[in-house]
Every structure is written in C-alpha cells, then in structure tokens.
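Novice: Input: one structure, supplied below.
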Amino acid sequence: QVHLMESGGGLAQAGGSLRLSCAASGTIFSINSMGWHRQIPGKEREMVAGITNGGSAIYSNAVRGRFTISMDNAKNTVYLQMDNLKPEDSAHYYCTAVRVRSEKEDYPELWGQGTLVTVSS
C-alpha cells in the first residue's frame with residue numbers, strides 16, 4: 001500500500017522560509033504528478049502548487065514568485081520551498097500524488113495527512 005508522508009511544517013516568522021517535503025512510500029513504478037494544497041480552518045481547501053514528473057509546474061496566484069515546487073522522481077518525493085512567508089500562508093498543507101502506479105495497486109489520487117504551517121507577524 002502506498003502512503004504519502006509530509007514533513008517540514010512548523011512555525012516561521014513573516015518574511016522567513018520553510019521547506020516542506022512529501023515522500024511516497026512503497027514499491028512505486030511511476031507518479032504522474034505531485035502537488036500541494038492548503039486549508040485554513042473554516043475555508044475551502046485550495047491548490048498551492050503542482051508539478052508533473054516532467055518538471056512542468058503551476059502555482060496559485062497567492063504564492064507565485066514566493067514558493068517553488070520541485071520533484072525528485074527517483075525518490076518519489078515532492079518539495080515545496082516557501083520563501084517570504086506571510087501570515088496568510090498559515091494553514092494545513094496537504095501533499096497529493098496523481099496517477100500512482102505501484103507494485104500491488106494503481107491509485108488515481110492520493111493525499112497525505114497534512115502538516116501545519118504557522119507564520120507569525
């Protein structure tokens with residue numbers, strides 16, 4: 001069974017940086033794309049950034065120019081480098097993986113459990 005495990009969340013000051021990581025466990029043959037969403041309590045979950053296994057990336061308007069997504073295909077891991085953080089970036093951040101082919105099962109979409117990012121002003 002394949003799982004996504006996020007790490008790297010925590011507390012940062014406004015203007016500071018954090019780096020999130022998300023690794024897919026299990027015997028994986030391929031992942032089409034990975035990405036990050038975030039959710040503030042009481043609000044809808046929103047897409048933050050996504051990247052294909054070929055390296056094409058997209059960003060939400062809210063983070064473009066401040067966040068950088070990257071993917072290590074060999075490690076089945078996606079990263080989110082968050083710079084110039086703002087208090088409004090505070091949220092639970094969730095990792096996603098799309099079209100995962102593994103040894104025992106194929107998954108159209110997987111979600112991680114989330115990691116909390118808090119940015120103080």
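Novice: How far apart, in nanometres, would the label points at Glu109 and Ile40 be if each is projected 7 angstrom from Cα along the Cα-to-Cβ direction?
Specialist: Placing both labels 7 Å along Cα→Cβ, they lie 2.3 nm apart.
Novice: Give the ranking of Leu116, Leu11, Leu18 by solvent-accessible surface, highest area first, calculated with a 1.4 Å probe.
Specialist: Putting Leu116, Leu11, Leu18 in descending order of accessible area: Leu11, Leu116, Leu18.
Novice: Also, I was wondering about something else. Under Stokes-Einstein, with the Kirkwood radius over Cα pairs standing in for Rh, what whole-number D in µm²/s applies to the chain at 37 °C and 0.692 mPa s?
Specialist: Translational D for this selection: 229 µm²/s.
Novice: Here's something else I'd like to know. What's the local net charge at Asp83, with K and R +1, D and E -1, over the other residues with C-beta under 13 Å away?
Specialist: Summing Lys and Arg as +1 and Asp and Glu as -1 gives +3.
Novice: Ratio to report: Rg/Rh of the stretch 60-121, with Cα atoms as the point set and Rh obtained by the Kirkwood method; give two decimals.
Specialist: Here the Rg-to-Rh quotient is 1.04.
Novice: Right, here's the next one. Are there any GluC sites (Glu not before Pro) in the stretch 46-117 that are in a DSSP loop and have at most 13 other Cβ atoms within 10 Å? List them by number.
Specialist: Glu103, Glu105
Novice: List residues of the stretch 20-34, by number, whose backbone nitrogen lies under 20 Å from a label position 7 Å along Cα→C-beta of Arg101.
Specialist: 24-34
Novice: Tell me the accessible surface of Ile69 in square angstrom (1.4 angstrom probe, heavy atoms of protein chains only), to the nearest ten.
Specialist: 10 Å²
Novice: Charges only on Cβ, +1 for Lys and Arg, -1 for Asp and Glu: so what's the dipole of the chain about the Cα centre, in debye to the nearest 20?
Specialist: Dipole of the chain, to the nearest 20 debye: 160 debye.
The values are calculated or read from the model by the stated rules, or taken from the named source; none is laboratory data. Here the structure is a predicted model, which is why all the values come from computation and not from measurement. Cβ: placed from backbone, ideal geometry, glycine included. Neighbour counts: every protein chain shown. In case anyone asks, the SASA skips ligands and DNA or RNA and just uses the protein heavy atoms, side chains included. Shrake-Rupley method; radii C 1.70, N 1.55, O 1.52, S 1.80 Å.
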